[in-house]
Amino acid sequence: EKTKHKDGSSEKHKDKHKDRDKEKRKEEKSKSSGDVKIKKEKENGFSSPPRIKDEPDEDGYYTSPKEDSKPLKRPREEDDEDYKPKKIKTEDIKKSKKRKQEEEEDNKSKKTKSKDKRAPEGDNKKKKQKKEEEQKWKWWEEERYPEGIKWKFLEHKGPVFAPPYEPLPENVKFYYDGKVMKLSPKAEEVATFFAKMLDHEYTTKDIFRKNFFKDWRKEMTSEEKSTITNLSKCDFTQMSQYFKAQSEARKQMSKEEKQKIKEENERLLKEYGFCIMDNHKERIANFKIEPPGLFRGRGNHPKMGMLKRRIMPEDIIINCSKDSKVPPPPPGHKWKEVRHDNKVTWLVSWTENIQGSIKYIMLNPSSRIKGEKDWQKYETARRLKKCVDKIRNQYREDWKSKEMKVRQRAVALYFIDKLALRAGNEKEEGETADTVGCCSLRVEHINLHPELDGQEYMVEFDFLGKDSIRYYNKVPVEKRVFKNLQLFMENKQPEDDLFDRLNTSILNKHLQDLMEGLTAKVFRTYNASITLQQQLKELTTPDDNIPAKILSYNRANRAVAILCNHQRAPPKTFEKSMMNLQTKIDAKKDQLADARRELKIWLHKKKAVQRIEEQLMKLEVQATDREENKQIALGTSKLNYLDPRISVAWCKKWGIPVEKIYNKTQREKFAWAIDMAEDDYEF
DNA sequence: ATGGACACTTAGCAGAGATGGA
DNA sequence: TCCATCTCTGCTAAGTGTCCAT
């Protein structure tokens, strides 16, 4: 079967590729550039997964949101039998029944017993305790709603709008073509957006300037429009200096002033930062509406510089329950709409003007609604673990298929699995930066080398992925994959799709047939979590002290970040900070030498020596960690890909305080995992 | 199939706030 | 105590994936 070309595809991309990415820094970042050494015996758990206990898990495996039986009317009961032994199921029901009872008792006690208990202690204390109890709500021990229903009661105060524009003082002038010009308030506001960005490189970019100028002119009066015809003749320097002075002044503010601002923020948070969802007060993630400004996408974005308009109450859709107190719009304004849709999780939405997409106000990751979903995500990944071998065998078979479509699907899936590539939905051209994922890879993004660096069948990837982060990697592949790639590339232009018979919806449909709930992104979650678990096993040395163990943890985390290509710009002061640390190490070494010398004289100084030795070790570990982490971002995988129960179990097993691994916010997000995972948890 | 609307997760970065050493 | 540095948080862009109409 011959590869078919998409109509006109060879023309399609030419233009936009010409001036692609002058984004130096991002270009320079590449997978290979972080010369980090990790133990890497396997690609990513691709070969044999670690041995696991054969007995059923006790830790929620079978009682996950998705898996849990009773109250949920699940669509495909029979399917579960494949991966869930009957025995377990009954056990599960028993367990959950028991749990339910406990809950009920618990609830009763909350209402009655707790009151009684606290009655003698006075009002203040009572309130405080109640609050604490609320915070400790274990939603993961409660029954869940039937699929589709997200809540029964929802009440909130609506969004906080961006502060109104404050005109510039009279003495801050704008010049056009050398002459002072007083701008109308609207034009002035948009001008200040540009002035604030003057130091940024992108105000020098053609597209940015063009887009900005076009949108700015829309805000001008007709006189302004006829005068201001050339952006290069605009002089924003006074404005720019004024804002710099302002931010300087903000830094110099007295303690009292700062305190006042802090209190005001806290008040705002207290009033608008929470909602009531089904009897519980939950934190809202982003209750503030995005302020107007100039859009700066990431990478080489065709819309950079466009005006992001001010959102008004008239743009806002409020979602809450019928029986709740609907938040009032600001005086003199109306909401666009108030609806009562409990099939969705958002409280507020509006349409943004750059891409025309919808933005939402939703709950914090610590909330029940987000947590359940997160938990469920990891359970799906764990189900994949059980059938991944079968799936791998299947796609290897499919490499030989007679159908081109099947072969492409199989090779793409191999990449997604082996390299943790993203799915790669198609994107509307000209609307966004030119980035790709697996299914949208083009011929120009890979290079085939029958032999490279002494290895056979090498594929060299070089493309911009999400956020225009460069993915650069050279990987040996199996001969069959290599031959298939050659076939897919035959008679194609560089701009043509590599997988021209494939897209994400075809792929996901296929995955759905292999396992319920399986989509391309599940492979990323699965491979990330399994890699962490494996690396932790390999890297943790039982006799190490805590800092050394944490270094091991970070290395395991780093292995995942590298797999997922989570990069960051090396911190601006990286070299310096590294040097400082080295200086400290040297000083500590001197100190140690001194102390040792003294030790000879005063043996009782032993303690001091030990302490210093420990400090030195800590510093050296810190240096290693920092060096290895130069351009790796650990946060993303920690927050989104790694089953938190793996980390919690590791902490419990080795006596590491969980605070060393997760900060406060993270502990809130992963409260469910911290509560339920034991030291023997297996992903 | 294709495309658009929609909902929700994942992502890096800037600036605020916390920390710790001189 | 001050300042430099490090860590965390907020922000919002940019993905994924589903559903529905055509």
Could you list A:395, A:145 so that the one with the fewest beta carbons within 10 Å of its beta carbon is first and the one with the most is last?
A:145, A:395
How high is the relative contact order of region A:174-252? Use alpha-carbon pairs under 8 Å, at least six apart in sequence, and give a whole percent.
48 percent
Nonlocal Lys pairs with alpha-carbon distance under 19 Å, region A:174-252 (8 or more apart, or different chains):
26
Sparse-neighbourhood loop hits (trypsin sites (Lys or Arg not before Pro), region A:148-178; DSSP loop; Cβ within 10 Å at most 13 others) -> A:152
When each of A:343/A:660; A:281/A:377; A:370/A:474 is checked by Cα-Cα distance, pairs over 29 Å:
A:343/A:660; A:370/A:474
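How big is the convex hull of the Cα atoms of region A:329-404, per residue, in Å³? Write down the numbers at each step before the final one.
Details: hull volume 15.0 nm³, N = 76.
Hull volume over Cα atoms, normalised by residue count, gives 197 Å³.
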Just to be sure I understand the model, the point goes 7 Å from the Cα along the line to the Cβ. What's the resulting residue A:204 to residue A:337 distance in nm?
4.6 nm
Specify the inter-centroid distance of region A:169-184 and region A:376-432, based on alpha-carbon positions, in whole Å.
58 Å
Could you pull out which residues in region A:338-354 have an amide N less than 18 Å from a spot 7 Å beyond the Cα of residue A:324, following the Cα-Cβ vector?
A:338-350
May I ask you to derive the relative contact order of region A:527-676, considering only C-alpha pairs under 8 Å and at least 6 residues apart, and to give it as an integer percent?
32 percent
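Starting from region A:354-406, pick out the trypsin sites (Lys or Arg not before Pro) whose DSSP state is loop and whose Cβ has at most 15 other Cβ atoms within 10 Å. Could the numbers behind the result be given before it?
Details: sites: A:359, A:368, A:370, A:373, A:377, A:382, A:383, A:385, A:386, A:390, A:392, A:396, A:400, A:402, A:405; in loops: A:400, A:402.
Here the sparse-neighbourhood loop sites are A:400, A:402.
Given an 8 Å cut-off on Cα distances and at least 6 residues of separation, report the relative contact order of region A:370-524 as a percent. Each step should come with its number before you reach the end.
Details: 212 pairs, mean separation 42.0, N = 155.
Answer for region A:370-524 is 27 percent.
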Which of A:510, A:280, A:301 has the fewest other C-beta atoms within 10 Å, and how do the rest follow up to the most?
A:280, A:510, A:301
Rank these for me by crowding, A:579, A:181, going from fewest to most other beta carbons within 10 Å.
A:579, A:181
Inter-probe distance in nm under a simple model that places probes 7 Å from Cα toward Cβ, at residue A:513 and residue A:186:
5.6 nm
Between residue A:576 and residue A:357, what is the spin-label point distance in nm, taking each point 7 Å from the Cα along the Cα→C-beta axis?
3.6 nm
Loop trypsin sites (Lys or Arg not before Pro), region A:280-346, which have at most 13 other Cβ atoms in a 10 Å radius of their Cβ (DSSP):
A:322, A:325, A:334, A:343
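None of the figures in this text is laboratory data; all of them are computed from the coordinates on show. In this text the structure is predicted, and so the values were computed from the model without any measurement. Virtual Cβ from ideal backbone geometry, glycine too; neighbours counted across all protein chains shown.
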